[in-house]
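The block underneath contains the structure these notes are about, expressed in C-alpha cells.
The values are calculated or read from the model by the stated rules, or taken from the named source; none is laboratory data. What you are looking at is a predicted structure, and each value in this text was computed from that prediction instead of being measured. Note that we place each Cβ from the backbone using ideal geometry, even for glycine, and neighbour counts take in every protein chain shown. Accessible surface is based on the protein model in full, side chains and every heavy atom, while ligands, DNA and RNA are left aside. Shrake-Rupley method; radii C 1.70, N 1.55, O 1.52, S 1.80 Å.
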Amino acid sequence: QVQLVESEGGLVQAGGSLRLSCAASGTIFSPNVMGWYRQAPGKQREFVAAITNHGSANYADSVKGRFTISRDNAKNTVNLQMNSLKPEDTAVYYCKTTQGRNDYWGQGTQVTVSS
C-alpha cells in the first residue's frame with residue numbers, strides 16, 4: 001500500500017504562482033510514475049502532469065509552459081510549480097502514483113484562482 005499526502009493548496013490571484021507538494025509513504029518500488037490530476041466543479045477529473053522516476057515528464061496542453069513537475073526520488077516526493085495561474089485552473093488537485101498495475105491517490109487539495 002502507498003499513502004499520498006498533498007500539501008495545502010490556497011487562494012491566489014490570476015497571474016500568481018503556487019507550489020504543491022505530495023509525499024508518498026508505504027511500500028514504494030521502482031519504476032513508478034507520480035503525477036497530478038485536477039477536478040473542477042461539475043467537470044471530470046483531468047490529467048495535469050506526470051513524471052517517471054527517471055525524470056521524464058509530460059504535461060496537459062492547457063498547462064504547458066506554465067506548470068513544472070519535479071520529484072525527489074530519495075524523499076518520494078513530487079512537486080508541481082504553477083505559474084501564471086488562470087481562473088480556469090481552479091480545481092481540487094490530486095496527487096497520484098502508479099506502481100505496476102496499481103494506482104494510488106491523495107485526498108486532494110483545493111486551488112482557487114481569483115480573477
Checklist entry - What about Val113, is it open to solvent by less than 60 Å² (accessible area, probe 1.4 Å) and touching a helix residue (DSSP H, G or I) at 6+ places or on another chain (Cβ under 7 Å)? => result yes
Next on the checklist: Whether any residue in the range 81-91 is under 12 Å from Ser21 (Cα atoms) and surrounded by 13 or more Cβ atoms within 10 Å (Cβ to Cβ) is what I want to check.
Outcome noted: yes
Item to check | strands (runs of 3 or more DSSP E) completely within the range 1-80 that count 2 or more residues being open to solvent by less than 20 Å² (accessible area, probe 1.4 Å) | outcome: 2-6, 18-26, 33-39, 46-52, 67-72
Next on the checklist: Tell me whether the range 102-110 contains one or more residues that are touching a Ser or Thr at 6+ places or on another chain (Cβ under 9 Å), without any contact (Cβ under 8 Å) to a residue 12 or more places away in the chain and either open to solvent by 60 Å² or more (accessible area, probe 1.4 Å) or assigned to a strand (DSSP E or B) (or both).
Outcome noted: yes
